[in-house]
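The next block holds one structure in the form of structure tokens; read it before the comments.
The values are calculated or read from the model by the stated rules, or taken from the named source; none is laboratory data. What you see is a predicted model, and the numbers here were worked out from it, not measured in a lab. Using ideal geometry, Cβ is built from the backbone for each residue, glycine included, and neighbour counts are taken over all protein chains shown.
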Amino acid sequence: MSSIAMTTETIVSQAAEVETSRPFFSVRDIHAYYGESYIVQGVSLDIRKGEILALLGRNGAGKTSTLRTIARTGNPEMRQGEIWLDGQAVHQMKSFEAARAGIQLVPEDRRIIQGLSVEENLNLARVAPGHGWSLEQIYESFPRLAERRTQDGVTLSGGEQQMLAIARALARDLKLLLLDEPYEGLAPVIVQEIERILHSIKPLGITTIIVEQNAVAALKLADRAVILDTGEVVFSGTAKEVLDNAELRHEYLAI
């Protein structure tokens, strides 16, 4: 093989390595405020495509505010930093633009629309045929929702509402799923069902950030973890590192 051919092959190989190592989603030094209250203080994180990241910390650490900043809700107000998703500058977007780009926030209150059935809630979320999951795909993965497709969404149990909220996100073009306290108030069997669903979408390349007070459950689900304390990152590493470090868990997670 000629030296020119070898050089070309090396360049292609190096380019492929860079592409595979590049984060799919990046938050770079974001600062956000509620009025003059400084809530998110220079948070940075990188996530590869298909990873699950547990965003942890005590109450008031800035976890939900970080999710809301990523989703570009406008509250809190981001005044510095950058957010990138698959090469797109999310920090320049409004909330509806971020949603169209593939970022879906499932808030703690789930926001199921009263007066609409399960299926109507799902249809309302769908943008157009060929975008996001079909109803058939959703019902295959969420058989409980299939059984209750004509039932008013707000009359579902808490766990079923959480499933509907996640399914509604999947009905759109989903790239980054943001989950705020998805296990809150749910029975262990329902938590296991939601974990099964989240594991099943990993191979599809859907990236997930989960904020959860049940830190052990979140860590067992996640690939990596970031711990916040008073709006700042105090740890970033693998989920196993947190599970294996009793001192870290006691100091920042009270477990």
Note: among 166, 190, just one is free of Cβ contacts under 8 Å to residues at least 40 places away in the same chain, out of contact with any Phe, Trp or Tyr (no Cβ under 7 Å at 6 or more places or on another chain) and either under 24 Å from residue 23 (Cβ atoms) or crowded, with 18+ Cβ neighbours inside 10 Å (or both), namely 190
Those residues of segment 127-149 that are farther than 14 Å from residue 112 by Cα and surrounded by fewer than 19 Cβ atoms within 10 Å (Cβ to Cβ) come to a total of 15
Pairs returned, first residue in segment 32-61 that is within 18 Å of residue 215 (Cβ to Cβ), second residue that is of a type in the set (Lys, Arg) and modelled with pLDDT under 95, beta-carbon separation under 7 angstrom, 6 or more apart or interchain, are 52/202
Every listed condition ((1) of a type outside the set (A, V, I, L, M, F, W, C); (2) at positive phi; (3) at pLDDT 95 or above) holds for residue 240 save (2)
Worksheet item: Is it the case that residue 32 is surrounded by 10 or more Cβ atoms within 10 Å (Cβ to Cβ) and at pLDDT 90 or above?
Response: yes
By my count, helices (runs of 4 or more DSSP H) wholly in segment 18-132 with at least 3 residues that are touching a helix residue (DSSP H, G or I) at 6+ places or on another chain (Cβ under 7 Å) and closer than 30 Å to residue 216 by Cα are none
Across (1) touching a Leu at 6+ places or on another chain (Cβ under 8 Å); (2) surrounded by fewer than 18 Cβ atoms within 10 Å (Cβ to Cβ); (3) hydrophobic (A, V, I, L, M, F, W, C); (4) more than 24 Å from residue 43 (Cα to Cα), residue 204 clears everything bar (1)
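A quick yes/no check of all residues on (1) in contact with a Cys (Cβ under 7 Å, 6 or more places away or on another chain); (2) of a type in the set (Ser, Thr, Tyr); (3) modelled with pLDDT of 95 or more:
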site	(1), (2), (3)
155	no, yes, yes
176	no, no, yes
181	no, no, yes
191	no, no, no
199	no, no, no
205	no, no, no
208	no, yes, yes
213	no, no, no
231	no, no, yes
